[in-house]
There are 2 protein chains.
Amino acid sequence: MNKETQRTLLEDVAREAGVSTASVSRVLNRAPHVSERLRERVEAAIERLGYVPDGNARALASRRIGAIGALVPTLDNPIFGAMIDSLEQRLKHHDCRLLIATYRYDLDDELQALRTLVQQGVDGVVLIGHDHRPAVGTLLARRRLPFLSCWHAEDDPAWPCIGFDNAAPARRLAEHLLRLGHRRLAVVSAPTEGNDRARARLEGFRQATEAAGCPLPPERIVTVEYGIAEGARAFETLMGLEAPPTAILCGNDTLAFGVMLAAQRKGVCVPDQLSVTGFDDLSQARFMSPPLTTVAVPAIEIGRRVADALIARIDGKIMPHLQLLDAPLALRESTGPAPID
Amino acid sequence: MNKETQRTLLEDVAREAGVSTASVSRVLNRAPHVSERLRERVEAAIERLGYVPDGNARALASRRIGAIGALVPTLDNPIFGAMIDSLEQRLKHHDCRLLIATYRYDLDDELQALRTLVQQGVDGVVLIGHDHRPAVGTLLARRRLPFLSCWHAEDDPAWPCIGFDNAAPARRLAEHLLRLGHRRLAVVSAPTEGNDRARARLEGFRQATEAAGCPLPPERIVTVEYGIAEGARAFETLMGLEAPPTAILCGNDTLAFGVMLAAQRKGVCVPDQLSVTGFDDLSQARFMSPPLTTVAVPAIEIGRRVADALIARIDGKIMPHLQLLDAPLALRESTGPAPID
DNA sequence: AGGTTTCTTGTAAGCGCTTACAACCGCGTT
DNA sequence: AACGCGGTTGTAAGCGCTTACAAGAAACCT
């Protein structure tokens, strides 16, 4: 027992069990070629002394930490919570832990957080989206750190990624509304700076409306921060327009909830007077009244696949550069035929 | 440059700057007694080489890691997401990082996760609630690790804690309903095993109803897992009873959302035919229709205070054993007079 | 029985950093 | 001119673990 720190060290365990430190280490690491008898003696000693190995010393000596780092914009949004949850669960199967850092959509913060994770010596890194400071790529490359970005997908991505096309479902959502006869569409978007997903979704909305000959004028594109209250405020702004929209496409479900609830308050009937769509398919979406038409983002599946793929990369396996997942529309009752003027 | 790992080491920086490793370390740690000139030279060398110090080696040598660990049941519930967010923001002010681990309300997992955090060498630990395996306390004590539990509060707590009384607001919620004339109350609770908060809330509901002479029969206490769908299912169960309740007290907002949405679907009008209450005051609560009567849990404030208090403890300062916060009722329109039979 | 081979265990050299201690420098004192 | 002093820098000994290598024991063979 180390007198000053009162900590039990591996050396103490070795002494207690009457073996060498190497043997204790081998038992700890489930190394092959350890006799049953020795293992039992060491394990008993560990139990008796309540020994807990020092992860830092371990990481330093073995050059792996047994953890990967995830950089997520925020944990406020349950869709990321779900992904992280699934990622962590799956990593457990691989005896790997997860260090989470958030950056609130501030790319400078993201870079800073990455530096911290790298200092920690994480064995791999998960990023969201492909908007990052250039230094992010440089650092990752210089350290030869396995990494993956997710939540987005494009042809021939610069980095390995696991995700879905954000623009296509947005386009299809808009097309769905156009088919229903809507001509005055509006968009409530999350801030697009440093957020490629929000940008892609907006772009999808734009493409579809322009192709149909009824493009979105600037006043019918409102950008707001994340939050129900923000969605509600966006509703007010849009409905106060000279020619208010008959359908509102929202960049995520939470904004859509805000829009729908504000509509309800104002006595605007969804979908008879106003159609609303979301993006994410949070568990609430199907329970709204009316149930929200949205895009089912495969958050759980992303978490699972990212775990498997990153571990594989860390183990030096070759993995596909892109794993494209499906993000199907969930057509529900918040969208309906355009009202007759 | 280390040939094998391709990593820049502190030693490389020292060589590049033409100084000793100790000097580089001093610059890195902003130690006193470093001349301006030396500092500039070292910083230039660091910049030039893109040097990133190894956190593990640093932690090992200095015996502090600059991070605390938080054990939370789940990140699925946005109320914990909010608390963690606020905790992390505040820790940044103290130059301290946050390691998060989740255990899905499984106390054995919690203990396991704590071991992992301790192995990582965290400088302090945050726990939720006071239901834990005994080994949690033993381990924390043995390592003399500063720690704090939060989200609960009782007189003379065994451990230092920052939180609120879970039973009192529950009692007041029930009393509110009783005053409105309700006599057949029901409860939708989260599983109480290993969850003292859920237990305290249920107990609060019980106390108030018993004091008023209309105790809760077992069939009017439904226990379900976390989730909107689960709340909706609980609604079905309760409304299928011989004598369905006129008011439903939910253990958290998400369950209440489920109940309200199921009611809406079934054409049961809230609050005219049924009163519903939640607990948490998630941002959605005030936007439900009708807005949900609930308890405002001071999640942000808890995060902030936990950060300050834990850092203070790590620095050896003496802190109050208990910080009791207020969790006021948010009386809104989901509760109303009992219907006349 | 002696020589291999295979498995188990021990010895000791790091992993990349911090920090106690010593050495050194230039200055003001006596 | 000798001395002491405070401030700056270097030297080197760890921090607690892993692991290459070597040595010893046991099992196999001819």
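The figures follow:
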| quantity | calculated |
| --- | --- |
| Beta bridges per DSSP with both ends in chain A, % antiparallel, nearest 5 | 5 |
| Shielding by partners - mean other protein chain Cβ count within 10 Å, residues of B:55-66 | 5 |
| Average other protein chain Cβ within 10 Å of Cβ, residues A:96-103 | 5 |
| Cα-projected label distance for B:ARG133 with B:ALA296, points at 7 Å along beta-carbon direction, nm | 3.9 |
| Inter-site label distance for B:CYS269 and A:LEU325 at 7 Å from Cα along Cβ, in nm | 4.3 |
| Cα gyration tensor shape for chain B, rounded if a/c is under 1.5, else prolate or oblate | prolate |
| Average partner coverage of A:283-289, which counts Cβ from other chains inside 10 Å | 6 |
| Two-site FRET efficiency, B:ARG64 against B:THR237, from Cβ-Cβ distance with R₀ of 51 Å, rounded to 0.05 | 0.50 |
| Three-way shape call for the protein assembly as shown based on the alpha-carbon gyration tensor, with the a/c threshold at 1.5 | oblate |
| Most to least packed among A:200-207, B:261-268 [average Cβ atoms within 10 Å] | A:200-207, B:261-268 |
| The protein assembly as shown: antiparallel DSSP beta bridges as a percent of all, rounded to 5 | 5 |
| Rounded FRET efficiency, nearest 0.05, which uses the C-beta distance separating A:SER289 from A:ALA168 and R0 of 25 Å | 0.30 |
| Most to least packed among A:240-252, A:97-109, B:16-28 [average Cβ atoms within 10 Å] | A:240-252, A:97-109, B:16-28 |
| Cross-link reach list, aspartates and glutamates versus A:LYS266, counting only Cα pairs under 14 Å and skipping chain neighbours closer than eight places | A:GLU236 |
| FRET efficiency estimate (nearest 0.05) - Cβ-Cβ, B:GLN89 to B:HIS33, R0 30 angstrom | 0.35 |
| Chain A: relative contact order in percent, alpha carbon pairs under 8 Å with at least 6 residues between | 16 |
| Sum of -39500 (n - 2.57) over DSSP H runs of 4+, divided by residues of the protein assembly as shown (222 nm, nearest 500) | -13500 deg cm²/dmol |
| Proximal aspartates and glutamates to B:LYS92, defined as alpha-carbon separation beneath 20 angstrom and excluding residues fewer than eight positions away on the same chain | A:ASP76, A:ASP106, A:ASP108, A:ASP109, A:GLU110, B:ASP54, B:ASP123, B:GLU301, B:ASP308, B:ASP315 |
| Inter-centroid distance (Cα atoms) of the stretch B:278-341 relative to the stretch A:86-164, Å | 33 |
| Convex hull volume per residue for the stretch A:150-283, taking Cα atoms only, in Å³ | 110 |
| Cβ-vector label at 7 Å, A:ARG63, separations to other copies in nm | 2.9 |
| Debye, to nearest 20: dipole size of the stretch A:68-195, +1 on Lys, Arg Cβ, -1 on Asp, Glu Cβ | 160 |
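Values quoted throughout were computed directly from the atomic coordinates according to the rules given, and no laboratory measurement underlies them. These numbers come from a predicted model, not from an experiment. A quick note on method: Cβ atoms are made from the backbone with ideal geometry, for glycine too, and the neighbour counts reach across all protein chains shown.
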